[in-house]
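Some notes on the structure that comes next.
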Amino acid sequence: MNPPAVSTDIRRDLVALLPRLRRFAQTLTGDANAADTLLREVSARVILKSHHWKGECRLESWVFNQIRIGWSDELRKRNRQEPLSKQNAEATGVSGCESKAFLGMPEGLASTLLLVDVEGFDYSEAASILGVTPELVSSRLCAARLALSSQPPGFAEKRA
């Protein structure tokens, strides 16, 4: 009887995490629709494979990591099916100047900034989620902050 209770708890906890997970998925995909699709697929996989989470880390860290792995798998699948240049030409769906600046950062910077500055993960947790070293997290975080600080004056006030 314990597995259904664990599954129910993971579902409840997953629902509570959805807004945070969606933001993270969007930093990876750069597209709201692709982020939603990724989140649906990974959420279903997390529920089905909840027995793999052994409690060694926080559930949210494990789920964030599953999203990163899901996106990596999706990229590998896409790269086998179509050229990368065609993917980049079709990427759309981000709205708002702030979102475009944030999601338009080089790969890895937006995700790192989101995990550390917005979600509050420490460097080692963010590194584990992203599959990189804590030193690379520190470097990416610095680069992301510099990229945001280089925006023109009054950029944040230009909201529509």
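The values are calculated or read from the model by the stated rules, or taken from the named source; none is laboratory data. Every value quoted in this text rests on a predicted model; they were computed, and no experiment measured them. All Cβ positions, even for glycine, are placed from backbone atoms using ideal geometry, and neighbour counts span all protein chains on display. Protein only, heavy atoms only, side chains kept; ligands, DNA and RNA dropped before computing areas. Shrake-Rupley method; radii C 1.70, N 1.55, O 1.52, S 1.80 Å.
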> From the set of residues in segment 117-129 that are open to solvent by 20 Å² or more (accessible area, probe 1.4 Å) and within 14 Å of the chain's Cα centre (by Cα), which is nearest to W71 (Cα to Cα)?
Replying inline: S128
> Here are some residues: L18, L75, L59. Which one is open to solvent by 40 Å² or more (accessible area, probe 1.4 Å), modelled with pLDDT under 90 and at negative phi?
Replying inline: L75
>> Anything in segment 107-116 that is of a type in the set (V, I, T) and within 11 Å of the chain's Cα centre (by Cα)? List them, or say none.
In response: T112
>> Exactly one of these conditions fails for Q81: (1) under 17 Å from Q26 (Cβ atoms); (2) modelled with pLDDT of 75 or more; (3) surrounded by fewer than 17 Cβ atoms within 10 Å (Cβ to Cβ). Give me its number.
In response: (1)
>> I'd like the residue in segment 27-56 that is modelled with pLDDT under 90 and part of a helix (DSSP H, G or I) and, out of all such residues, is surrounded by the most Cβ atoms within 10 Å (Cβ to Cβ).
In response: S50
> Which one is farthest from G70 (Cα to Cα), of the residues in segment 10-36 that are without any contact (Cβ under 8 Å) to a residue 40 or more places away in the chain and not charged (D, E, K, R)?
Replying inline: A16
>> Need pairs with beta-carbon distance below 7 Å; first residue more than 18 Å from D13 (Cβ to Cβ) and within segment 59-75, second hydroxyl-bearing (S, T, Y) and open to solvent by less than 30 Å² (accessible area, probe 1.4 Å); sequence gap 6+ or separate chains.
In response: W71/T29
>> Please pick out the residue among A143, A147 that is in a helix (DSSP H, G or I), surrounded by 11 or more Cβ atoms within 10 Å (Cβ to Cβ) and modelled with pLDDT of 90 or more.
In response: A143
